[in-house]
Ligand code: ADP
Ligand code: NA
């Protein structure tokens, strides 16, 4: 499939500490590392490693992270012509991991916050993908820019996969009848105001989100798998693959990117949901984020 991803690129700065510093205190990290990330970039890489032809639309700063953020995409054969340089810093996430595994995260939108609706128009005008290709978008860019990405997709007759993460209030009228909304359990809970903890509550949440007008809602449930409610295909419950989890970072991004790359938008989505579930399972067996996103052949081997 041909895919356009409009979304975020972030540099994750990860430090492993015994305890968090108090105000004015300095602590030593046992280890520290830089990892390229951002939901947009992760989903683009997942789709490209699965074999999709992917164009990324996003923004980086004029700092030392701009090069590595672009190169991580290029290494996965994602086209970065639509990654626009901005004055200021790239998106960053400062992550401390304590001995007990707890994370504390400070996010700076940086260039992601400067991606404009006009940037999306200009970048998408150069993307040759035909009617029926897919647009994948999340909410780590400004709301009006998300809105414009949806508008461009509708004009071009691209299928929309909107990962409503982080959660912003959804509006009736933004979504077309063929569009897909994808959320995890906590996002589904926040959007519906009802706890989503299992397959049944996820099915109910998906049905409520269908009232915003999409053709399908996907709710992922971590180790419980996922539930899809589709106007055309009904309710599909996809159990997770049984694996020993090592690091669930990027599981949701892998799931969505691979689903976007595998589904043609016409036949039943269920086989593609199975493929996405297998790819996400492989991702959770490995530590790290972008580096744990599997290649197509690994997914096929796992499935057979
Ligand atoms: P997010 O990363 O957005 O929170 P989830 O945690 O819901 O997303 O995971 C997305 C998908 O990844 C799930 O639907 C499931 O198929 C797979 N997955 C997540 N955690 C596990 C796990 N512990 N074991 C197997 N598969 C998992
Ligand atoms: Na997760």
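Filtering 242, 185 for residues that are more than 22 Å from residue 5 (Cα to Cα) and more than 16 Å from the chain's Cα centre (by Cα) leaves a single hit, 242. Quick check: is even one residue across the stretch 6-24 closer than 22 Å to residue 119 by Cβ and out of contact with any strand residue (DSSP E or B) (no Cβ under 8 Å at 6 or more places or on another chain)? Checked against the condition, which is being closer than 22 Å to residue 119 by Cβ and out of contact with any strand residue (DSSP E or B) (no Cβ under 8 Å at 6 or more places or on another chain), the stretch 6-24 yields no hits at all. A residue that is over 20 Å from residue 101 (Cα atoms), under 16 Å from the mean Cα position of the chain (by Cα) and within 13 Å of ligand 1 (Cβ to nearest atom) occurs somewhere in the stretch 287-294.
Of all residues in the stretch 122-131, those being under 23 Å from residue 265 (Cα atoms) and part of a helix (DSSP H, G or I) number 2.
Each row is one residue, and each column tells you yes or no for (1) within 15 Å of ligand 1 (Cβ to nearest atom); (2) in a helix (DSSP H, G or I); (3) in contact (Cβ under 8 Å) with a residue 40 or more places away in the chain; (4) in contact with a strand residue (DSSP E or B) (Cβ under 9 Å, 6 or more places away or on another chain).
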position: 208; (1), (2), (3), (4): no, yes, no, yes
position: 228; (1), (2), (3), (4): yes, no, yes, yes
position: 261; (1), (2), (3), (4): no, yes, yes, yes
position: 271; (1), (2), (3), (4): yes, yes, no, no
position: 301; (1), (2), (3), (4): no, yes, no, no
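When 289, 281 are checked against the criterion of being within 14 Å of ligand 2 (Cβ to nearest atom), surrounded by 22 or more Cβ atoms within 10 Å (Cβ to Cβ) and modelled with pLDDT under 95, 289 stands alone in meeting it.
Residue 206 satisfies every condition listed in (1) surrounded by fewer than 24 Cβ atoms within 10 Å (Cβ to Cβ); (2) more than 16 Å from ligand 2 (Cβ to nearest atom) except (1). For first residues located in the stretch 235-255 and closer than 17 Å to residue 206 by Cα and modelled with pLDDT of 95 or more, partners that are in a loop (DSSP other than H, G, I, E, B) and more than 9 Å from ligand 2 (Cβ to nearest atom) and lie 6+ apart or on another chain with Cβ distances below 9 Å form the pairs 236/268; 236/269; 237/225; 238/225; 239/225; 252/165. For the condition in contact with a helix residue (DSSP H, G or I) (Cβ under 8 Å, 6 or more places away or on another chain) and within 16 Å of ligand 2 (Cβ to nearest atom), residue 250 qualifies. Would you call residue 224 within 13 Å of ligand 1 (Cβ to nearest atom), surrounded by fewer than 21 Cβ atoms within 10 Å (Cβ to Cβ) and either closer than 30 Å to residue 157 by Cβ or touching a residue at least 24 places away in the same chain (Cβ under 8 Å) (or both)? Spelling it out, residue 224 is indeed within 13 Å of ligand 1 (Cβ to nearest atom), surrounded by fewer than 21 Cβ atoms within 10 Å (Cβ to Cβ) and either closer than 30 Å to residue 157 by Cβ or touching a residue at least 24 places away in the same chain (Cβ under 8 Å) (or both).
For residue 218, indicate whether it is at pLDDT 95 or above, within 16 Å of ligand 2 (Cβ to nearest atom) and either more than 25 Å from residue 299 (Cβ to Cβ) or not in a loop (DSSP other than H, G, I, E, B) (or both). Yes. Within this structure, residue 239 passes the test of being surrounded by fewer than 18 Cβ atoms within 10 Å (Cβ to Cβ) and within 12 Å of ligand 1 (Cβ to nearest atom).
The values are calculated or read from the model by the stated rules, or taken from the named source; none is laboratory data. Values in this document were obtained by computation on a predicted structure and should not be read as measured data. FYI the Cβ positions are ideal-geometry reconstructions off the backbone, even for glycines, and counts take in every protein chain you see.
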